[in-house]
Amino acid sequence: MINYYEELSPEEQRRVTESVQALYRQTFLLERRYDKKTKRYQINREYYECSKHMEFIKAYFAIMDIDVMENSQMGVIYIRGEQVMGEKLSKLATLYILILKLIYDEQMSTVSTSVNAVTSLGDIHEKLGSYRLLKKQPSVTEMRRTIALLRRYQIIEPLDVLEEMDGGSRMVIYPTVNVVLMGDDVRALIETYTEGEGEDDESEI
């Protein structure tokens with residue numbers, strides 16, 4: 001493993017190091033991310049660096065008992081294992097992820113040419129209301145903090161300025177939502193919240 005790395009050029013070593021650091025820091029790497037400036041999906045260099053050196057990177061993380069997974073169909077590379085310490089999520093963040101997963105699945109069932117979906121803050125809150133998951137309207141500060149967190153983990157990409165956020169604020173839902181939650185997890189969590197449990201619970205991402 002060490003020999004493989006040392007045989008790379010200094011520039012290639014730098015790119016591999018940056019990609020490994022990004023994967024460990026973010027948990028997920030997307031093949032393509034939406035760029036608000038160009039309004040187009042751009043190739044993520046770090047994803048391709050990891051994919052190119054996948055065997056080396058798998059061996060590197062295996063030392064820490066961490067698995068590196070690649071789903072080329074979704075365009076996602078991610079890590080999992082007991083050593084991957086997730087960030088504590090507020091109830092609002094957990095509920096947002098639940099609804100984002102539902103919206104993602106609904107849109108993907110009718111679209112075959114994309115792995116990303118688009119929704120709005122208003123749509124999210126409408127679904128939260130229909131499932132009776134939100135007992136009171138969160139503050140604007142809570143919503144901004146939650147959206148910023150989900151963006152950091154590459155679950156969403158806001159298309160509008162957070163400071164001007166309202167019900168019409170749009171966001172891309174990335175396929176990483178499938179890695180965070182599977183269909184059965186969604187149903188189980190919805191049942192838990194609709195039963196009124198876990199009002200102040202925290203989960204991990």
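The P(r) of the stretch 21-92 has a tail past 16 Å containing 53 percent of all C-alpha pairs.
Taking every protein chain into account, the 1.4 Å probe leaves TYR4 with about 90 Å² of accessible area, to the nearest ten.
Taking amide H as placed 1.01 Å from N in the peptide plane, the amide H of SER169 sits under 5 Å from that of LEU121, GLY122, each at least 5 places away or on another chain.
Among the listed pairs LYS52/LYS88; LYS88/LYS136; LYS101/LYS135; LYS36/LYS101, those whose Cα-Cα separation exceeds 27 Å are LYS52/LYS88. Around the amide H of ILE156, modelled in the peptide plane, lie the amide H atoms of ARG151, TYR174, all under 5 Å away and 5 or more residues distant in sequence or on another chain.
Extending 7 Å from the Cα toward the beta-carbon at both ASP166 and LYS39 defines two label points whose distance is 2.0 nm.
The values are calculated or read from the model by the stated rules, or taken from the named source; none is laboratory data. Model, not experiment: these values are computed from the prediction. When we count neighbours, we look across all protein chains shown, and the Cβ atoms used for this are built from the backbone with ideal geometry, even at glycine. Side chains are part of the model used for accessible areas, which takes the heavy atoms of the whole protein and leaves out ligands, DNA and RNA. Shrake-Rupley method; radii C 1.70, N 1.55, O 1.52, S 1.80 Å.
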